Structures are given as structure tokens and as C-alpha cells.
Amino acid sequence: GNFHISSHSYAEAVMLVVQKNKLLDFEHKINHLSFGDEDHISKIKQLTGGYNLSPLDKIGESIHPSNHGGHLHHTYTTYYLDIMKTRYFIGADEEYSAHEYTYSMQTINTHSFPAIFVKFELSPLFISYRVTENPFIIFFIRCC
């Protein structure tokens with residue numbers, strides 16, 4: 001799927017700005033992006049020593065538009081997300097789930113209107129972690 005933030009639906013207003021030789025600045029910062037129950041995400045971070053399920057947090061793009069040779073250059077920024085369900089099983093009775101993701105980002109200069117795109121894929125697979133505690137005797141036997 002995808003979603004985007006753009007100036008395309010306000011073409012008349014954008015054209016007025018462009019005619020005045022002004023540039024549209026789509027500088028941005030993603031404060032937080034996660035998928036799942038916040039309580040579960042907090043518990044998973046606590047259990048894993050701070051594993052980051054939200055790698056886009058605090059990421060931003062500060063490439064400003066430019067005017068080279070009388071031509072306006074705006075930017076398209078595209079984020080590509082791969083999202084996968086993750087389950088953590090603690091002992092026999094606790095289960096926490098969230099969706100973790102990886103991302104890549106591409107920024108290109110364009111003569112068109114600026115935009116920010118987020119394209120994502122939801123994986124049909126899921127990751128499962130099981131945290132168990134073995135008695136000390138099992139640890140000792142494995143060491144021998």
C-alpha cells in the first residue's frame with residue numbers, strides 16, 4: 001500500500017507560489033511511527049534491552065528546494081517500509097505482539113510539485129521469539 005503528502009491537490013495555490021519564483025519546502029521529521037499496541041511495544045523494548053521496533057523515529061529530511069539556472073527544483077522523498085508481525089512469548093502465559101519494520105529512503109530532485117511518499121508491504125510471515133528460563137542444572141549439563 002501507500003500514502004503520501006503532496007501539494008498536487010492544491011495546484012492553483014502552488015502555481016501562484018511558483019509564479020512568484022518561490023519554492024515549496026517539504027522539510028519534515030517523523031517523531032514516531034510504530035504499528036501495534038503501545039503497551040506491548042514498551043514491554044518488548046524492556047524485555048529486549050531497548051530493541052528498536054520503530055527505526056524511523058526522529059528521522060527527518062532537510063533537503064531544501066533549490067533554484068539553479070532559473071529552474072525550480074523540488075524534492076520527492078519516498079520511504080519504503082517492510083512490515084512484519086512479531087510475537088514474543090515469555091514463559092507459558094505471557095504473549096506480546098507488535099509489528100516491526102525495516103525501511104529505506106530515496107530522495108530525488110524534480111521539476112514537478114514536491115511530495116513525501118510512504119510505500120509499504122505487509123509480510124504474510126511473522127517472527128516468533130520464545131523466552132524461556134532453564135534450570136541451572138541444564139546449563140551445567142550443556143557446558144560439560
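Data for the structure
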item: Convex hull per residue volume in Å³, alpha carbons only, for the chain; result: 149
item: Normalised convex hull volume, the range 73-144, alpha-carbon set, Å³ per residue; result: 131
item: Segment ILE141-TYR10, extension gain: residue separation times 0.36 nm, minus the distance between their alpha carbons; result: 40.2 nm
item: Length added when fully stretched, THR78-GLU133, from 0.36 nm per residue minus Cα-Cα; result: 15.5 nm
item: Distance in nm between pseudo-label sites at THR48 and THR110 (7 Å out along the Cβ direction from Cα); result: 3.3
item: Sites excluded, trypsin sites (Lys or Arg not before Pro) in DSSP loops with at most 15 other C-beta within 10 Å, longest stretch of the chain; result: 59-144
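Quick note: the coordinates plus some simple rules give every number you see, no bench work behind them. What you are looking at is a predicted structure, and each value in this text was computed from that prediction instead of being measured. Cβ coordinates were reconstructed from backbone atoms using ideal geometry, including for glycine residues, and neighbour counts include every protein chain displayed.
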